[in-house]
Amino acid sequence: MDPTEPVEVYSSFSPAEADIIANMLQAEGIDAKASGEAQGAFTGATPEVTVMVHAADADRARLLIRSRQEKAAETPDEAE
């Protein structure tokens with residue numbers, strides 16, 4: 001696999017949540033982009049938004065996301 005090929009590391013029905021994840025990854029030095037929010041522009045539709053990173057960064061990105069989710073589960077009031 002090409003190390004610069006985009007790979008999905010996260011998906012959500014919340015564009016804000018996907019943006020938070022993408023921004024968190026960018027703060028860690030990973031080129032991340034949230035995409036897909038414009039695909040379901042129909043009234044009442046809830047589009048899935050994905051966070052994409054380069055294949056070379058995918059494993060690290062998933063570890064960072066998992067770590068963030070575990071911290072949020074332990075202290076839900078503080079994570080918000």
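The values are calculated or read from the model by the stated rules, or taken from the named source; none is laboratory data. From a predicted model like this one, the values you see are computed outputs, not experimental measurements. Counting neighbours? That spans all protein chains shown, and the Cβs are built from the backbone with ideal geometry, glycine included.
When region 44-57 is limited to residues that are within 11 Å of the chain's Cα centre (by Cα) and of a type in the set (A, V, I, L, M), the one that is modelled with the lowest pLDDT turns out to be Val49. In this structure, Ala41 does satisfy being aliphatic (A, V, I, L, M), over 16 Å from the mean Cα position of the chain (by Cα) and modelled with pLDDT under 95.
Checking each residue in region 1-40 for being of a type in the set (Gly, Ala, Ser) and either in contact (Cβ under 8 Å) with a residue 60 or more places away in the chain or not in a strand (DSSP E or B) (or both) picks out Ser14, Ala16, Ala18, Ala22, Ala27, Gly29, Gly36, Ala38, Gly40. State all residues of region 28-38 that are under 15 Å from His54 (Cα atoms) and of a type in the set (A, V, I, L, M); if no residue qualifies, say none. Those that are under 15 Å from His54 (Cα atoms) and of a type in the set (A, V, I, L, M): Ile30, Ala32, Ala34. Close contacts from region 62-80, counting a first residue that is under 17 Å from Ala32 (Cα atoms) and modelled with pLDDT of 95 or more and a second that is surrounded by 11 or more Cβ atoms within 10 Å (Cβ to Cβ) and not hydrophobic (A, V, I, L, M, F, W, C), with Cβ to Cβ under 7 Å and a gap of 6+ residues or different chains, come to Leu64/Glu28; Ile65/Tyr10.
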